[in-house]
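These notes are about the structure you will find just below.
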Amino acid sequence: MREQRAESKEQRAKDTDKKRLGFVLRPVIIALWLALLFLPFRGIKDALILFVTLSILLFIFRALSGYAKTLTEKFNVIRQSVSSGLETVYARPKTPRFVAYLLLLGFILSVPFFAKDYFIDVLILAGIYVILAQGLNVVVGFAGLLNLGFVAFYAIGAYSYALLNTKMGLGFWSALPLSVVLASFSGFLLAVPALRLKGDYLAIVTLGFGEIVRLVLNNWDSVTKGPNGIGGIEPPYLFATPLGGLSYYYYFILAFVALTVFMVRRVYKSRTGRAWVAIREDEIASSSIGINTTAYKLYAFAFGAFWAGAAGALFAAKMQFVSPESFTFMESVLILSMVILGGLGSIPGVILGAVILVILPEMLREIQLYRMLALGSGLVLLMIFRPQGLFRPGRLSRLAGESRYLMGGKGVSFRS
Amino acid sequence: MFVQQVINGLTVGGVYALIALGYTMVYGILELINFAHGEIYMLGAYLGIIFLGFFTAIGLTSYSLPLALALTFVLSIVFCSAYGFTIEKTAYKPLRNASRLSPLISAIGVSIFLQNYVMLTQGATDKVFPHLFEETGFEMQGMTFTYIQIFIIVVSAVLMMLLNLFITKTRMGKAMRAVAQDKTMASLVGINIDTVISVTFVIGSGLAAVAGLMVAMYYGLVNYSIGYIAGIKAFTAAVLGGIGSIPGAMFGGILLGLVESLSSSYISPEYKDAYAFIILIIILFIKPSGLFGKAHEEKV
């Protein structure tokens with residue numbers, strides 16, 4: 001519909017000479033407007049630089065977007081003819097997918113043998129974020145409950161392990177179940193009242209919960225040592241050897257990631273997972289076919305928080321130090337960005353999203369300062385151009401076309 | 001002590017109310033929590049400092065301080081309104097038919113962007129509001145009231161009254177109410193929805209600019225991160241009064257300011273920021289429609 005409108009608009013514009021003028025003028029006007037907004041913050045010189053660069057960039061963008069369509073069409077034709085040609089020549093055998101998977105697995109397993117310590121460190125962090133993001137994926141992606149305070153459960157997991165270890169001397173393996181259960185239980189506690197709310201309100205309440213948890217950690221000095229944080233946390237022991245070394249911890253995290261993905265996938269494919277998706281797509285319809293929506297939403301919250309708690313304990317054990325600084329609202333947004341970038345509700349997508357958003361900033365160290373600027377504008381652009389993220393969850397595209405939750409007003413909207 | 005805290009609360013509450021109005025108007029029309037609204041308030045504070053610095057540099061402040069201040073207010077309002085307008089056009093308008101989730105995330109993106117934009121252009125350290133006038137006030141029975149507090153309370157009250165007049169008496173105000181009630185119907189009777197939405201953003205951002213500038217004058221310090229927490233509190237105020245309701249936002253803002261200042265002096269100042277969240281959570285559980293809001297029946 002929008003495309004059609006854009007096309008007819010283009011057609012009309014083409015006929016007039018006005019278009020030629022607008023073609024040059026519009027980018028210049030937009031650039032001038034933005035440069036004016038920028039002016040008070042940096043002065044005339046920088047505003048002029050911004051104006052010139054922006055007009056050039058916008059002009060190039062405009063020129064390219066006009067050709068983009070014809071270009072992609074041409075490219076598609078070429079690609080089709082090439083692939084059909086190849087198929088007839090080779091009678092292409094179906095590429096055994098598992099070969100690709102095996103190669104990937106081999107690469108992941110062999111990383112500690114060739115990579116620098118720094119890279120392994122980054123990958124360990126990525127692994128922790130994959131677990132976290134999968135947890136949030138359950139809540140936001142599967143069940144469709146926007147949680148802006150997910151970091152609270154992460155913090156609860158991390159602090160539980162830190163306190164159980166430093167104050168009570170519990171080892172990782174005895175503290176882990178406790179921290180996970182605590183996180184899960186706090187998810188449940190938040191969910192019981194919060195689930196009476198819908199959509200934006202739920203998001204705000206979860207945000208408030210996250211902030212309250214952080215403020216408590218920051219101010220409850222006698223237990224959490226406030227902003228100083230808790231140090232001297234032990235790494236986990238496995239067969240009486242501490243997993244302090246990077247490569248050991250790498251495999252350890254890898255095992256946890258595998259466990260998380262396996263479990264989340266199993267639950268997603270179960271009756272529970274189907275119920276979540278049904279609730280996400282239409283709550284009223286799913287309750288009318290006998291799904292206990294409140295109960296399933298509770299499961300989603302507790303199950304998501306469970307993995308956040310595990311990630312928290314792993315984080316505390318890795319860093320051997322926790323402080324409230326690691327659990328800010330920005331962290332929640334970062335985890336949410338991973339889920340959204342990867343594709344809400346898509347398990348491989350969310351893995352990819354988490355890995356990208358951990359590794360990319362590390363690779364772009366030189367422009368460290370602009371990292372958050374890029375994240376902010378990236379979120380806006382992602383929402384405008386590809387709201388479904390990199391991957392789309394398989395179940396929907398097979399059975400029900402587009403998801404209303406993900407794609408919005410594509411179908412008929414019944415919301416009054 | 002008590003009266004003193006009430007005055008402090010009214011001052012802060014007036015500021016919250018001004019920001020809350022922007023939230024409530026946008027929510028009333030677009031059903032969007034405009035996460036970036038708090039950042040507009042922060043921009044207002046920064047722009048105030050920048051323009052006042054500029055006027056000091058060209059010698060206008062020593063020539064006539066009231067004129068310089070008035071010009072600063074006008075320029076901050078104009079720029080913040082322009083920012084609000086631009087944000088709506090770039091980040092929200094393309095998403096008008098998207099799912100509920102998309103604009104909210106887009107708003108979070110804008111908020112992060114603006115925070116870092118200000119941090120990069122103005123530095124991460126606190127900015128000091130130029131010291132132009134003495135912090136004077138008067139004493140009454142051992143309590144001090146500064147003139148700036150009275151200024152904030154009066155300006156907020158006047159602006160709220162003006163806004164109320166605008167909404168209830170003018171043609172555009174009527175159009176805004178119509179769009180808030182039913183967008184499709186409003187467009188059928190010939191109201192230009194895009195214009196109404198733009199006007200909403202412009203007015204809301206202007207009010208936030210005034211709030212930011214007054215806070216900068218009041219506390220003397222601003223930081224690029226003040227927008228987030230103020231935004232959340234103002235949103236709380238809007239929800240408290242019933243989101244979408246303009247008198248509700250005013251009342252909610254003042255109530256929140258009072259509660260915050262009284263509870264931080266009588267209970268514990270460490271959790272000053274937590275009170276707003278706790279109130280928000282309690283309100284949403286007990287009466288999600290707020291004090292002045294109408295209950296929303298979900299239809300299939």
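Figures for the structure shown
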item: Total residues in the stretch A:316-373, condition more than 14 Å from A:Val130 (Cα to Cα), of a type in the set (Ser, Thr, Tyr), part of a helix (DSSP H, G or I) and within 14 Å of chain B (Cβ to nearest Cβ); result: 1
item: The stretch A:189-206, subset surrounded by 15 or more Cβ atoms within 10 Å (Cβ to Cβ) and more than 7 Å from every other protein chain (Cβ to nearest Cβ), residue farthest from A:Val151 (Cα to Cα); result: A:Lys198
item: B:Phe54 being in contact with a helix residue (DSSP H, G or I) (Cβ under 9 Å, 6 or more places away or on another chain) and buried (at least 24 other Cβ atoms within 10 Å of the Cβ); result: no
item: Of all residues making up the stretch B:264-276, the number that are of a type outside the set (D, E, K, R) and either in contact with a Ser or Thr (Cβ under 7 Å, 6 or more places away or on another chain) or away from every other protein chain (no Cβ under 14 Å) (or both); result: 4
item: Looking only at the stretch A:220-268, and only at residues there that are buried (at least 19 other Cβ atoms within 10 Å of the Cβ) and polar (S, T, N, Q), the one that is farthest from A:Leu125 (Cα to Cα); result: A:Thr224
item: Any hit, the stretch B:89-104, residues being within 24 Å of B:Asn223 (Cα to Cα) and more than 8 Å from chain A (Cβ to nearest Cβ); result: no
item: Residue among A:Leu105, A:Leu86, A:Leu48, A:Leu64 that alone is closer than 30 Å to A:Ile30 by Cα and either under 32 Å from the mean Cα position of the chain (by Cα) or at pLDDT below 70 (or both); result: A:Leu64
item: Test result for B:Val210, in contact with a strand residue (DSSP E or B) (Cβ under 8 Å, 6 or more places away or on another chain) and either buried (at least 21 other Cβ atoms within 10 Å of the Cβ) or at pLDDT below 85 (or both); result: no
item: B:Ile243, sole failed condition from (1) within 14 Å of chain A (Cβ to nearest Cβ); (2) within 30 Å of B:Met176 (Cα to Cα); (3) among the β-branched types (Val, Ile, Thr); (4) assigned to a helix (DSSP H, G or I); result: (4)
item: Residue under evaluation A:Ala310, criteria (1) crowded, with 24+ Cβ neighbours inside 10 Å; (2) small (Gly, Ala, Ser); (3) within 26 Å of B:Arg100 (Cα to Cα), criterion not met; result: (3)
item: Filter result for B:Pro66 (over 16 Å from the mean Cα position of the chain (by Cα) and more than 9 Å from chain A (Cβ to nearest Cβ)); result: yes
item: Checklist (1) of a type outside the set (Gly, Ala, Ser); (2) surrounded by 15 or more Cβ atoms within 10 Å (Cβ to Cβ); (3) within 10 Å of chain B (Cβ to nearest Cβ) applied to A:Leu178, failing item; result: (3)
item: Test for B:Leu71: is it surrounded by 24 or more Cβ atoms within 10 Å (Cβ to Cβ) and at pLDDT 90 or above; result: no
item: Enumeration of residues in the stretch A:98-130 that are among the hydrophobic types (A, V, I, L, M, F, W, C) and more than 19 Å from A:Glu362 (Cα to Cα); result: A:Phe98, A:Val99, A:Ala100, A:Leu102, A:Leu103, A:Leu104, A:Leu105, A:Phe107, A:Leu109, A:Phe113
item: Looking only at the stretch A:359-382, and only at residues there that are within 15 Å of the chain's Cα centre (by Cα) and over 27 Å from B:Arg100 (Cα atoms), the one that is surrounded by the most Cβ atoms within 10 Å (Cβ to Cβ); result: A:Pro361
item: Selected residue (only one of B:Tyr16, B:Tyr23, B:Tyr27, B:Tyr46 is within 16 Å of B:Leu114 (Cα to Cα), in contact (Cβ under 8 Å) with a residue 24 or more places away in the chain and touching a helix residue (DSSP H, G or I) at 6+ places or on another chain (Cβ under 9 Å)); result: B:Tyr46
item: Set B:Ser156, B:Ser187, B:Ser111, B:Ser205: member being in contact with a Cys (Cβ under 6 Å, 6 or more places away or on another chain) and either over 18 Å from B:Asn34 (Cα atoms) or within 14 Å of another protein chain (Cβ to nearest Cβ) (or both); result: B:Ser205
item: Filter pass, A:Ala302 being among the small types (Gly, Ala, Ser), in contact (Cβ under 8 Å) with a residue 60 or more places away in the chain, over 26 Å from A:Asp121 (Cβ atoms) and surrounded by fewer than 24 Cβ atoms within 10 Å (Cβ to Cβ); result: yes
item: Elements of type helices (runs of 4 or more DSSP H) in the stretch A:225-295, at least 3 residues being modelled with pLDDT of 85 or more and closer than 22 Å to A:Gln320 by Cα; result: A:246-268
item: Residue selected from the stretch B:1-34 under the condition within 26 Å of B:Ser264 (Cα to Cα), at pLDDT 85 or above and aromatic (Phe, Trp, Tyr), by the criterion surrounded by the fewest Cβ atoms within 10 Å (Cβ to Cβ); result: B:Tyr23
item: B:Gln122 being out of contact with any Lys or Arg (no Cβ under 6 Å at 6 or more places or on another chain) and within 7 Å of chain A (Cβ to nearest Cβ); result: yes
item: Extreme residue, surrounded by the most Cβ atoms within 10 Å (Cβ to Cβ), among residues of the stretch A:152-174 that are closer than 12 Å to A:Gly312 by Cα and among the small types (Gly, Ala, Ser); result: A:Gly157
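Residue-wise test of (1) in contact (Cβ under 8 Å) with a residue 12 or more places away in the chain; (2) of a type outside the set (A, V, I, L, M, F, W, C); (3) not in a helix (DSSP H, G or I).
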{"position": "A:Ser110", "(1), (2), (3)": "no, yes, no"}
{"position": "A:Ile128", "(1), (2), (3)": "yes, no, no"}
{"position": "A:Leu136", "(1), (2), (3)": "yes, no, no"}
{"position": "A:Val139", "(1), (2), (3)": "yes, no, no"}
{"position": "A:Leu148", "(1), (2), (3)": "yes, no, yes"}
{"position": "A:Lys167", "(1), (2), (3)": "no, yes, no"}
{"position": "A:Ala175", "(1), (2), (3)": "yes, no, no"}
{"position": "A:Ala183", "(1), (2), (3)": "yes, no, no"}
{"position": "A:Phe188", "(1), (2), (3)": "yes, no, no"}
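This table checks each residue for (1) of a type in the set (A, V, I, L, M, F, W, C); (2) within 12 Å of chain A (Cβ to nearest Cβ); (3) crowded, with 17+ Cβ neighbours inside 10 Å.
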site	(1), (2), (3)
B:Met217	yes, no, yes
B:Lys233	no, yes, yes
B:Ala238	yes, yes, yes
B:Ser261	no, no, yes
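The values are calculated or read from the model by the stated rules, or taken from the named source; none is laboratory data. All of these numbers come straight from a predicted model, not from anything done at the bench. Note that each Cβ is placed from the backbone with ideal geometry, even for glycine, and that neighbours are counted across all protein chains shown.
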